[in-house]
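Everything below concerns the one structure shown next.
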Amino acid sequence: GEDVEQSLFLSVREGDSSVINCTYTDSSSTYLYWYKQEPGAGLQLLTYIFSNMDMKQDQRLTVLLNKKDKHLSLRIADTQTGDSAIYFCAENNSGGYQKVTFGTGTKLQVIP
Amino acid sequence: GAVVSQHPSRVICKSGTSVKIECRSLDFQATTMFWYRQFPKQSLMLMATSNEGSKATYEQGVEKDKFLINHASLTLSTLTVTSAHPEDSSFYICSASRGGSLDTQYFGPGTRLTVL
């Protein structure tokens, strides 16, 4: 089956850049997503990238996609304490009903 | 746009009772809704996918008689946990999409279920 892996934890200082990495196995992925989950809350869609793109930038967020290596990353510039949360990458398998497989989640801790 | 709500946000119930969780798309019509379960410090596990007016498609290992899903309208899906037991305690999250094979899912805020 499809697999999406992330490192479990990342700690950065406020003002630094954060880079959260994700690897996936399904080569037929069409969309790849980054979601943010704050404690006790649902998931907030941060950004997504279509599989034929290499990069997408949206304000402080930069998504890089290396389709050959099946590697996705999310860079958060000027990380703030409000960015502390769990970040999930996810891929949309093209196997009907928009089934999305989520990664294991990376907990980002921002140190003031 | 694309706001999804869930009700209740938290529920505590006794073992053996049934609990209904509602998922609503507030400002769009959701052709497809999804129900996920999230264990503490873990990722989301897809339980089932439902299309309006059709029976839900359950993922392998999810008991359809235990987790009843109804998607009666384009803005409402319900998940009923029947005869709940402590092991059913979890965070249940729904998502909704407008439709189309690759449409983005918008997530509800989740429901924390605790079964005593």
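The values are calculated or read from the model by the stated rules, or taken from the named source; none is laboratory data. It should be emphasised that the depicted structure is a prediction, and the values quoted were computed from it without experimental measurement. Every residue, glycine as well, gets a Cβ built from its backbone with ideal geometry; the counts of neighbours run over all protein chains shown.
Numbers below:
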read-out	value
Answer from B:30, B:48 - the residue that is surrounded by 18 or more Cβ atoms within 10 Å (Cβ to Cβ) and assigned to a loop (DSSP other than H, G, I, E, B)	B:30
Residue list for segment B:33-45, restricted to those being basic (Lys, Arg) and either surrounded by fewer than 17 Cβ atoms within 10 Å (Cβ to Cβ) or without any contact (Cβ under 8 Å) to a residue 12 or more places away in the chain (or both)	B:41
Criterion (among the small types (Gly, Ala, Ser) and within 19 Å of residue A:49 (Cβ to Cβ)) met by exactly one of B:83, B:77, B:97, B:89	B:97
Matching residues, segment A:63-90, being of a type in the set (D, E, K, R) and at negative phi	A:67, A:68, A:69, A:75, A:83
From A:86, A:76, A:111, A:20, residue being within 12 Å of chain B (Cβ to nearest Cβ), touching a residue at least 24 places away in the same chain (Cβ under 8 Å) and either closer than 25 Å to residue B:40 by Cα or hydrophobic (A, V, I, L, M, F, W, C) (or both)	A:86
Residue in segment B:53-62 that is among the small types (Gly, Ala, Ser), in contact (Cβ under 8 Å) with a residue 12 or more places away in the chain and buried (at least 16 other Cβ atoms within 10 Å of the Cβ) present	yes
Some residue of segment B:53-70 being closer than 18 Å to residue A:42 by Cα, part of a strand (DSSP E or B) and within 14 Å of chain A (Cβ to nearest Cβ)	no
Strands (runs of 3 or more DSSP E) enclosed by segment A:1-44 - at least 3 residues per element that are touching an Asp or Glu at 6+ places or on another chain (Cβ under 9 Å) and over 12 Å from residue A:85 (Cα atoms)	A:18-24, A:31-37
Restricting segment B:88-114 to residues that are of a type in the set (A, V, I, L, M, F, W, C), under 17 Å from the mean Cα position of the chain (by Cα) and over 10 Å from residue B:32 (Cα atoms), the residue that is modelled with the lowest pLDDT	B:107
The listed residue being of a type in the set (S, T, N, Q) and touching a Cys at 6+ places or on another chain (Cβ under 6 Å), out of B:42, B:60, B:6	B:6
Options B:111, B:57, B:80: the member that is under 25 Å from residue A:30 (Cα atoms) and in contact with a Phe, Trp or Tyr (Cβ under 8 Å, 6 or more places away or on another chain)	B:57
Some residue of segment B:74-92 being within 13 Å of another protein chain (Cβ to nearest Cβ) and out of contact with any strand residue (DSSP E or B) (no Cβ under 6 Å at 6 or more places or on another chain)	no
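Quick grid of which residues meet (1) over 16 Å from residue B:107 (Cβ atoms); (2) small (Gly, Ala, Ser):
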| residue | (1), (2) |
| --- | --- |
| B:33 | no, no |
| B:47 | no, no |
| B:50 | no, yes |
| B:66 | yes, no |
| B:83 | yes, yes |
